[in-house]
1. Could you give me the radius of gyration and the Dmax of the chain, taking only the C-alpha atoms into account and expressing both in angstrom?
2. Only Lys, Arg, Asp and Glu count, each charged at its Cβ (+1, +1, -1, -1), so figure out the dipole size of the chain about its Cα centre, rounded to 20 debye.
3. Just to be sure I understand the model, the point goes 7 Å from the Cα along the line to the Cβ. What's the resulting residue 258 to residue 213 distance in nm?
4. Rounded, prolate or oblate: pick one for the stretch 150-223, where a ≥ b ≥ c are the square roots of the eigenvalues of its C-alpha gyration tensor, a/c under 1.5 means rounded, and failing that, prolate if a/b is larger than b/c, else oblate.
5. Give me the Kirkwood hydrodynamic radius of the stretch 119-247, using the inverse of the mean 1/r over all pairs of distinct Cα atoms, in Å to one decimal.
6. Taking the dipole about the Cα centre of the chain, with the C-beta of Lys and Arg at +1 and of Asp and Glu at -1, give me whichever of 209, 182, 242 is farthest to the positive side.
7. Rounded, prolate or oblate for the stretch 194-258? Axes are the square roots of the Cα gyration tensor eigenvalues, ordered a ≥ b ≥ c, and the cut-off for rounded is a/c under 1.5.
8. Say a paramagnetic label sat at a point 7 Å from the Cα of residue 185, along Cα to Cβ; which residues of the stretch 235-258 have their backbone N under 17 Å from it?
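FYI, it's all coordinate maths here, none of it is from the lab. The shown structure was predicted, so the numbers you read here are calculated from the model rather than taken from an experiment. Using ideal geometry, Cβ is built from the backbone for each residue, glycine included, and neighbour counts are taken over all protein chains shown.
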Amino acid sequence: MRYDTPSLERWNSRAYDSSFGYVSTQGAPLVDLLDPRPGERVLDLGCGTGVLTAQIAFRGAEVLGIDGSSAMIEKALAQYPGINFIVGDGHDFSVVDPYDAVFSNAALHWMSRDPGTVIANVREALTPGGRFVAEMGGAGNCAELTAAMLTAWREYGLREPELPWYFPSPAEYARRLEKEGFVVRLLEYFDRPTPLDECPGGAADWVRMFASSVLEGLPPEIVEPLLHRVNELAAPALRRETGWMADYVRLRFAAVRR
Ligand SMILES: C[S@@+](CC[C@H](N)C(=O)[O-])C[C@H]1O[C@@H](n2cnc3c(N)ncnc32)[C@H](O)[C@@H]1O
């Protein structure tokens with residue numbers, strides 16, 4: 001199975017690893033929670049450039065990485081030639097042989113069109129008793145960053161930007177998991193202020209990397225002043241002496257297919 005979904009090309013895969021490698025670095029404890037065993041079959045949904053997929057493979061599991069971005073998958077294949085990666089959308093994928101576990105780091109909140117369908121697809125990809133172990137943005141994630149964006153857009157007389165994410169509360173996501181046939185074994189909801197070490201341009205860089213769709217269609221000449229204003233508005237909450245800090249809130253869970 002290999003199909004391209006260009007609309008999911010939301011960011012640059014080269015910049016992703018060099019500037020935003022913290023996403024995978026911070027996902028390492030999630031691999032511990034997954035606890036992959038030698039010989040197990042694991043699917044990594046929204047695998048990006050494959051850094052965590054490779055960590056799972058390193059522990060002896062047979063792993064498949066799926067991502068909606070062909071650029072991410074190309075880079076993953078180049079970096080880890082011994083691992084299987086394919087382009088696929090979380091809303092629309094199926095597997096021939098079921099997996100022992102589905103893993104996902106920092107990706108489910110991007111699959112915002114229909115989260116229930118994504119969970120149902122994960123269930124269908126698992127054997128009964130199979131694990132779904134994931135971390136995603138939770139309710140309130142990046143609240144200061146998005147408030148600064150919304151205010152800047154309003155000040156510039158622009159229509160409110162359509163934010164591309166789904167940040168559920170723990171109760172809401174647990175309900176969805178149960179409805180789709182999972183038993184929730186662990187659910188954590190926590191603040192994780194994250195230094196944007198690689199973002200000299202602060203909140204503006206973060207918007208360019210993670211919310212670039214909101215810049216599409218804007219008159220080119222206002223993009224820089226608009227992002228400068230986002231920085232001014234976000235700075236009181238997020239700029240420290242040591243640098244910028246993103247106000248991340250995470251939802252981490254382990255669930256089992258009934
Ligand atoms: C922040 S990255 C995380 C990548 C990787 N899991 C990691 O920890 O480094 C989010 C990934 O989700 C992918 N993604 C977004 N929407 C998707 C969808 N509908 N189906 C599959 N992948 C998707 C993006 O292409 C991107 O690679």
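1. Considering the chain through its Cα atoms, Rg and Dmax are 18.3, 56 Å.
2. Details: 25 positive and 35 negative charges, 123 e Å.
So the dipole magnitude of the chain works out to roughly 580 debye.
3. 3.2 nm
4. In terms of gyration-tensor shape, prolate.
5. Details: mean 1/r = 0.0596 Å⁻¹.
Every distinct Cα pair counted, the radius reaches 16.8 Å.
6. After comparing all options, I get 182.
7. On the way: a/c = 3.16, a/b = 1.49, b/c = 2.11.
Oblate, because a/c is 1.5 or more while a/b does not exceed b/c.
8. So the set is 252-258.
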